[in-house]
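Remarks on the structure that follows.
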Amino acid sequence: MPKIRSMTTRQLLEQRLAHVERRIREAEIRFGRPPGCVQLLPVSKTRPAADIARLASTGYRAFGESYLQEALGKQEALTGLDLEWHFIGPIQSNKTRPIAHHFDWAHSVDREKIARRLSAQRPADLSPLNVCLQVNISAEAAKSGASPDALCALASCVGALPGLRLRGLMAIPARESDFERQRAAFRRLREAFDILNADGLALDTLSMGMSGDLEAAIAEGATLVRVGSDIFGARKKIGHGANGNNSVS
Ligand SMILES: *Cc1c(COP(=O)(O)O)cnc(C)c1O
């Protein structure tokens, strides 16, 4: 596509971003969601700080990162920009301290031990860390996430931790080629969300939907979609996937 090759990186990024924004708006309309109710969280993992700066100059402040060391490097390079950082990758015990110190959100809290460490290590001069509980909604053995059965207990534990503010749920369901089946997976997360809210937890964030399935997620009530490749272009395979062990960091 010679036309695309002649575009600058910035133009290409803005064009892809506009396309994703349009998909979100169209899905909101199509599924009867209030206009503007779905937040787009650009996922900048594996992308250079310069790409984040380009997006920040168009008004985006919040960015999702999965690989800790990589994220810390970009945060340092971009300190002047006052960005909001969301950790969305798997959280091992030895990463809780830097996450508690350097992030505003963690979407991937899936067990009590990790939650307690994040709360205890959250610096007192920062507001509580915003947390989503990651749920293994497709019950896939290889994926991280709390089992739906364990969710209520985990939510009441996290809700009581002083260094954390429980905001909602997150999931990465298995990819389905059929739209209705994809919706059904997201529906299970939304139903869990509704149950916790009926229990009085006041959750406001349903973090679900990525490049390939954001329409199905919006149909089922997503309030935040995490989009990487459809904004920044396809990622190079570097030996870790969206849900795998982030051994590179
Ligand atoms: C990488 C990643 C995304 C973005 O995935 P894309 O398919 O590139 O949009 C979203 N959520 C999580 C947890 C990820 O690791």
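The figures follow:
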{"item": "The stretch 8-63 - Rg and Dmax from Cα coordinates, angstrom", "result": "12.5, 36"}
{"item": "Surface per residue (accessible, 1.4 Å probe) for the stretch 9-233, Å²", "result": "43 Å²"}
{"item": "Flagged links, alpha-carbon separation over 22 Å, of Lys45/Lys113; Lys113/Lys236; Lys113/Lys143", "result": "Lys45/Lys113; Lys113/Lys236"}
{"item": "Translational diffusion of the stretch 1-129, µm² s⁻¹ [Kirkwood Rh, Cα pairs; Stokes-Einstein; 37 °C; 0.692 mPa s]", "result": "200 µm²/s"}
{"item": "Distance in nm between pseudo-label sites at Gln11 and Ser229 (7 Å out along the Cβ direction from Cα)", "result": "2.6 nm"}
{"item": "The chain: relative contact order as a whole-number percent, Cα under 8 Å and 6+ apart", "result": "21 percent"}
{"item": "Sequence ranges 131-138, 82-89, 112-119, 70-77, ranked by mean other-Cβ count within 10 angstrom, highest first", "result": "131-138, 82-89, 112-119, 70-77"}
{"item": "Span-rule helices in the chain, defined as complete DSSP H runs reaching 18 Å or more along the axis (Cα) with Kyte mean at least 1.0", "result": "none"}
{"item": "Rg and Dmax [Cα atoms of the chain; Å; Rg one decimal, Dmax integer]", "result": "17.5, 56"}
{"item": "Gain in span if fully extended, Phe31 to Ala184, counting 0.36 nm per residue against the direct Cα distance", "result": "53.6 nm"}
{"item": "Computed label-point distance, nm, for sites Gln92 and Gln39 using a 7 Å Cα→Cβ extension", "result": "2.9 nm"}
{"item": "Accessible area of the stretch 9-233 belonging to carbon and sulfur atoms, whole % at 1.4 Å probe", "result": "50 percent"}
{"item": "Size of charge dipole - the chain - debye, nearest 20, with Cβ of Lys, Arg +1 and Asp, Glu -1, no other charges", "result": "680 debye"}
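The values are calculated or read from the model by the stated rules, or taken from the named source; none is laboratory data. Computed from a predicted structure; not experimentally measured. Note that we place each Cβ from the backbone using ideal geometry, even for glycine, and neighbour counts take in every protein chain shown. These area figures cover heavy atoms from the full protein model, side chains too; ligands, DNA and RNA do not enter into them. Shrake-Rupley method; radii C 1.70, N 1.55, O 1.52, S 1.80 Å.
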